[in-house]
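Heads up, the thing below is written out as structure tokens.
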Amino acid sequence: MTAETETAQSTGSCCSPTGSCHDGAADVRIEGTDAVTAVYEVKGMTCGHCEGAVSEEISALAGVTSVAAVAATGLVTVTSKAPLTEDAVRAAVDEAGYELLGPAA
Ligand SMILES: [Cu+2]
């Protein structure tokens, strides 16, 4: 009989010894990179599902770090590591089933 079985099992942590993998509140910043934020106007969003669909497609674009779509205003705020072309955003919005009206003033 041994009494040391408990400590031997604690090596399965996926990340740090503290066990904190993804802290939801963490503000992730990419150092040395200027984030670009652009606001676009999208036609046709009516609910949270629409917001999610548009966000998902735009999030898939290269360099995009965050997307915030608001159906009530029709505005989509996109943060990326480099400026996006309007064509790329338009294609993503189109893919989601909505229409990009253009950059919001
Ligand atoms: Cu909807």
Of the residues that sit in region 40-65 and are of a type in the set (A, V, I, L, M, F, W, C) and over 16 Å from the mean Cα position of the chain (by Cα), which one is farthest from the ligand (Cβ to nearest atom)?
V42
Give the number of residues within region 49-88 that are touching a strand residue (DSSP E or B) at 6+ places or on another chain (Cβ under 6 Å) and within 23 Å of D34 (Cα to Cα).
17
Can you list residue pairs whose Cβ atoms sit under 8 Å apart, with the first residue in region 52-78 being without any contact (Cβ under 8 Å) to a residue 12 or more places away in the chain and the second being open to solvent by 50 Å² or more (accessible area, probe 1.4 Å)? Count only pairs 6 or more apart in sequence or on different chains.
S59/S66
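The values are calculated or read from the model by the stated rules, or taken from the named source; none is laboratory data. Since this is a predicted model, take the numbers as computed values, not measurements. Virtual Cβ from ideal backbone geometry, glycine too; neighbours counted across all protein chains shown. Remember, those area values only see protein heavy atoms, side chains included, never the ligands or the DNA or RNA. Shrake-Rupley method; radii C 1.70, N 1.55, O 1.52, S 1.80 Å.
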